[in-house]
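Comments concern the structure below.
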Amino acid sequence: MHLHKYEKVWLTFGMASLVIFLLVIGFAAFWKGTHPQSHLETIDQNNVEAHDSFKPENLGLTEVADGKYKVNMVASAFNYDFGVDKDEKPVKTIRVPQGSTVLFTITSKDVVHGFQVAGTNVNMMVEPGHISRYEAVMKNKGEFTIVCNEYCGIGHHQMFGKVEVY
Amino acid sequence: MTKKHASNDGPTTEASSDLKGTFIMVMILGLLMVGSWFGAYWLFISR
């Protein structure tokens, strides 16, 4: 079969891109361990408090080591539960220093919700019966809005919070 | 027979047709795709 010189060039370009992108996916999945945020770990959605991470006293921000934090949260229509502060008022802002590693752990009590810290890579689907986790390094200073990005009902737009990196 | 052979030259002339414009468009499309991939990757790294 005769192929034009140019055809050979773009076919090589196309096939090489395909191979490179497949290798990138393989590298991310098998070497870096990238996986869906809610994977394997399940929970009883009607009794999330039974799980250690979602006991009312364990909700919200906790420093686990120097520069390492974890945030446990429960999403429900139409609120994110980040625990309560000293005055027993619901927490709406999570404050962490710049450069810290934060493990966000969240589950849903009712329907599918979203958890996105807009402007960062933190973006998860929150499914009832599953635990979603995402660990992120907060590289940039600023205020980032937490939004629900899965339509969850009439009060969907009222589900929000804030992450402040100082 | 020889005459028939000569008429078979047709495809050969077609193969050497000018593909320069097609080549440029294919490469522009390819670079757009690769460029947008690296753009998204840069966003992921910088955030």
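Here, each number is a calculation from the coordinates, and none is a lab measurement. These figures come from a predicted structure and were not determined experimentally. Cβ coordinates were reconstructed from backbone atoms using ideal geometry, including for glycine residues, and neighbour counts include every protein chain displayed.
Restrict the search to region A:51-131; then list the trypsin sites (Lys or Arg not before Pro) that DSSP places in a loop and that have at most 13 other Cβ atoms within 10 Å of their Cβ. Before the final figure, lay out the partial values.
Numbers: sites: A:LYS68, A:LYS70, A:LYS86, A:LYS92, A:ARG95, A:LYS109; in loops: A:LYS86, A:LYS92, A:LYS109.
Answer in residue order: A:LYS86, A:LYS92.
From the backbone phi of region A:123-134, what are the Karplus-calculated ³J(HN,Hα) couplings (6.51 cos²θ - 1.76 cosθ + 1.60, θ = phi - 60°) in whole Hz, Gly and Pro given as x?
Once rounded to whole Hz, the list reads 7, 9, 8, 10, 10, x, x, 10, 9, 9, 10, 8.
Please find the FRET efficiency linking A:LEU11 to B:LEU19, where r is the Cβ-Cβ separation and R0 is fixed at 22 Å, and quote it to the nearest 0.05. Numbers along the way, then the final one.
Working: r = 12 Å, r/R0 = 0.56.
The computed FRET efficiency comes out at 0.95.
Within region A:1-54, which trypsin sites (Lys or Arg not before Pro) sit in a loop by DSSP and count at most 11 neighbouring Cβ atoms inside 10 Å?
Working: sites: A:LYS5, A:LYS8, A:LYS32; in loops: A:LYS32.
Sites meeting the loop and neighbour criteria: A:LYS32.
Taking the Cα centre as origin and putting +1 on Lys and Arg beta-carbons and -1 on Asp and Glu beta-carbons, what dipole magnitude results for chain A, to the nearest 20 debye? Before the final figure, lay out the partial values.
Details: 15 positive and 18 negative charges, 161 e Å.
The dipole of chain A has a size of about 780 debye.
Please list, in order along region B:32-47, the HN-Hα scalar couplings obtained from phi with the Karplus expression 6.51 cos²θ - 1.76 cosθ + 1.60 (θ = phi - 60°), rounded to whole Hz, x for Gly and Pro.
Once rounded to whole Hz, the list reads 4, 5, 5, x, 5, 5, 5, x, 5, 5, 4, 4, 4, 5, 7, 7.
Considering only region A:52-115, what is the antiparallel percent among its DSSP beta bridges, to the nearest 5? Could the numbers behind the result be given before it?
Working: 9 of 17 bridges.
Beta bridges within region A:52-115, antiparallel portion: roughly 55 percent.
Quick one: which of A:LYS68/A:LYS139; A:LYS55/A:LYS86; A:LYS55/A:LYS109; A:LYS55/A:LYS89; A:LYS139/A:LYS162 span more than 19 angstrom between C-alpha atoms? Walk me through the intermediate numbers first.
Details: A:LYS68/A:LYS139 13 Å; A:LYS55/A:LYS86 17 Å; A:LYS55/A:LYS109 13 Å; A:LYS55/A:LYS89 17 Å; A:LYS139/A:LYS162 16 Å.
Beyond 19 Å between Cα atoms: no listed pair.
Quick one: which residues, 5+ away or cross-chain, put their amide H under 5 Å from the amide H of A:SER100? H built at 1.01 Å from N.
Amide H neighbours of A:SER100, under 5 Å, 5+ apart: A:MET138.
I'd like the FRET efficiency for A:ALA50 and A:VAL111, computed as 1/(1 + (r/R0)^6) with the beta carbon distance as r and R0 of 22 Å, rounded to 0.05.
0.65
Can you give the Kirkwood hydrodynamic radius for region A:7-52, in Å, rounded to one decimal and based on Cα pairs?
Numbers: mean 1/r = 0.0708 Å⁻¹.
About 14.1 Å, per the Kirkwood formula over Cα pairs.
For the protein assembly as shown, what size does the Cα cloud have along each of its three principal axes, sorted from largest down, in whole Å?
Between the extreme Cα coordinates on each principal axis of the protein assembly as shown lie 99, 36, 34 Å.
Post the alpha-carbon centroid distance, region A:85-142 to region A:27-68, in whole angstrom.
Using only Cα atoms to place each centre, the spacing works out to 10 Å.
Taking Cα atoms, how many degrees apart are the long axis of helix A:5-26 and the longest axis of chain A, rounded to 10 and kept between 0 and 90?
30
Where both residues lie in chain A, what percent of DSSP beta bridges are antiparallel, nearest 5? Don't jump to the answer; show the numbers that get you there.
On the way: 29 of 42 bridges.
Here the share of antiparallel DSSP bridges comes out near 70 percent.
If amide hydrogens are placed 1.01 Å from N in the peptide plane, which non-local residues have theirs closer than 5 Å to the one on A:GLU41?
HN-HN under 5 Å from A:GLU41: A:ILE131.
For region A:149-166, what does the Karplus curve 6.51 cos²θ - 1.76 cosθ + 1.60, with θ = phi - 60°, yield as ³J(HN,Hα) per residue in whole Hz, taken in order and with x for Gly and Pro?
Each residue of region A:149-166 in turn: 10, 10, 4, 10, x, 4, x, 3, 6, 8, 8, 7, x, 8, 10, 10, 9, 10 Hz.
Work out, step by step, the length gained on full extension between A:ASP66 and A:LYS139: first 0.36 nm times the residue separation, then minus their alpha carbon distance; give nm to one decimal. All intermediate terms of the calculation are to be shown ahead of the outcome.
Details: separation 73, 0.36 × 73 = 26.28 nm, distance 1.58 nm.
Taking 0.36 nm per residue and subtracting the Cα distance, the gain is 24.7 nm.
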